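J.: Quick one: structure below, then a few questions.
Please treat every number below as a calculation from the coordinates, not as lab data. Predicted model only: the values in this text are computed from it and were never measured. Glycine also receives a Cβ, built like all others from the backbone with ideal geometry; neighbour counts cover every protein chain displayed.
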Amino acid sequence: MSNPFPSGFTSDLGGPGKGGHQPPDWYIEYGMDLGARAGTAVHAAFDAHVTKFSPHNPSADNAKVYGAQLFMRAPNDMMGGFYTHLTNVPAGLGVGSQVSRGDLLGHVHEFPPTASHLHLALVEIIGGAPDGRYQGVDVHRTFLDTANSGTVVPVTFHQDGSPPTPDGGGGGGGAKVFRLGSTRGVQEALAALGFDPGAIDGLDGPKTRAAVTAFQGSQGLVQDGICGSATRAALAAALRAQGLQAEGG
């Protein structure tokens, strides 16, 4: 599985069970609102075939339902996903279309005053479609950790109602990996090393730059507040010195 935003992600706007993400429908309750500017390209998170498609009809947009909607299921019909708040869906993409992970699905549609974002929800189909039991799943953390990167994360769906396992490993989802190719990953790394970047929001704001500057000073680097290649390499080395895993350094 890979992130729908290999670039362009701006902020976390709430995951499963937060705000309006409430039962009874899995595709609402388990929604992940991933912030991005209007027009940002949205890519398929997993290989799938489209099972339902509602094209964007601007005249029907309202505060809760706006933009195109796509439901799709994995090739084995044992998990699926729902994407909405899309526009400019590629011509020819519709029910029955085969989608490969990373394919363009459309672009983020904005409906002010709501902050522009993609709503994405995933479901495990226990027993497989069409007669299996649909159980929404929470992989919000995985998508936040991989935003603005091309990282591919194996995810195991156990078909027994238990939470899916990122990284394809046993319980707990494996060790945390700090992905230094994204601002969020840099913020998380700084916080882990004792440098306060402020909110972990993926935005390169004043507190994040101040934390980068402070870290650079501790490493004898040029203190410019910019997390360039030398600073990322130093972050990765500092994390590994503490027994932590890092990518992109």
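J.: So, by mean Cβ neighbours within 10 angstrom, what's the order for 34-43, 86-95 with the highest one leading?
T.: 34-43, 86-95
J.: Something else about it: What distance in nm lies between label points placed 7 Å from Cα along the C-beta direction at Q219 and L244?
T.: Between Q219 and L244, the simple spin-label model gives 1.2 nm.
J.: Would you check the chain for Lys pairs whose C-alpha atoms are within less than 24 Å, ignoring same-chain pairs closer than 8 in sequence, and give me the count?
T.: Lysine pairs meeting the criterion: 4.
J.: Taking neighbour counts of Cβ atoms within 10 Å as a proxy for exposure, in what order, fewest first, do M72, M78 appear? Working shown, then result.
T.: Working: M72 24, M78 17.
The order, fewest Cβ neighbours first, is M78, M72.
J.: Still on this structure, please answer the following. Report the Stokes-Einstein translational diffusion coefficient (µm² s⁻¹, integer) for region 70-178, Rh taken as the Kirkwood radius over Cα pairs, at 20 °C with viscosity 1.002 mPa s.
T.: 137 µm²/s
J.: While we're looking at this one, here's another question. Can you tell me the relative contact order of region 177-247? Whole percent, Cα pairs under 8 Å, sequence separation 6 or more.
T.: Values: 90 pairs, mean separation 23.8, N = 71.
Relative contact order for region 177-247 comes out at 34 percent.
J.: Could you tell me which of rounded, prolate or oblate describes region 118-249, using a ≥ b ≥ c as the square roots of the eigenvalues of the alpha-carbon gyration tensor, with rounded for a/c under 1.5 and, failing that, prolate when a/b is larger than b/c and oblate otherwise? Could the numbers behind the result be given before it?
T.: Values: a/c = 3.38, a/b = 2.39, b/c = 1.41.
Prolate is the answer for region 118-249, as a/c is 1.5 or above and a/b outweighs b/c.
J.: Packing-wise, with mean Cβ within 10 Å as the measure, how do 57-64, 10-17 rank, highest first?
T.: With the highest mean Cβ count within 10 Å placed first, the list reads 10-17, 57-64.
J.: Also, quick follow-up: Rg and Dmax of region 1-100, using alpha carbons, in Å: what are they?
T.: For region 1-100, the Cα radius of gyration and maximum Cα-Cα distance read 13.4, 36 Å.
J.: Kirkwood Rh, region 123-169, all Cα pairs: how many Å?
T.: Computed over Cα pairs of region 123-169, the Kirkwood hydrodynamic radius comes out at 11.7 Å.
J.: What value, in deg cm²/dmol to 500, does the helix sum -39500 (n - 2.57) over DSSP H runs of n ≥ 4 give at 222 nm once divided by the residues of the chain?
T.: Per the formula, -5500 deg cm²/dmol.
J.: I would also like to ask the following. Mind pulling up the Rg/Rh value for the chain? Radius of gyration and Kirkwood radius, both on Cα.
T.: Ratio value, two decimals: 1.00.
J.: Can you list the HN-Hα couplings for region 93-109, worked out from phi with the Karplus curve (6.51, -1.76, 1.60; θ = phi - 60°), rounded to whole Hz and with x for Gly and Pro?
T.: Whole-Hz 3J(HN,Hα) from phi for region 93-109: 7, x, 4, x, 5, 8, 10, 9, 3, x, 5, 6, 9, x, 9, 5, 9.
J.: How large are Rg and Dmax for region 177-247 when calculated on the C-alpha trace, in angstrom?
T.: 10.5, 29
J.: Taking the simple approach of a point 7 Å from Cα along Cα-to-Cβ for both Y134 and R37, what is their distance in nm?
T.: 3.5 nm
J.: Fewest first, what order do S218, S182 take by the number of other Cβ atoms within 10 Å?
T.: Final ranking by Cβ density, sparse to dense: S218, S182.
J.: How high is the relative contact order of the chain? Use alpha-carbon pairs under 8 Å, at least six apart in sequence, and give a whole percent.
T.: Computed over the chain, the figure is 18 percent.
J.: Just to verify a number: FRET efficiency for V152 and I226, C-beta to C-beta distance, R0 = 25 Å, to 0.05?
T.: Working: r = 28 Å, r/R0 = 1.11.
Efficiency at R0 = 25 Å is approximately 0.35.
J.: If I model a spin label as a point 7 Å beyond the Cα along the Cα-Cβ vector, how far apart are those points for A60 and R209 in nm?
T.: Inter-label distance under the simple model: 4.5 nm.
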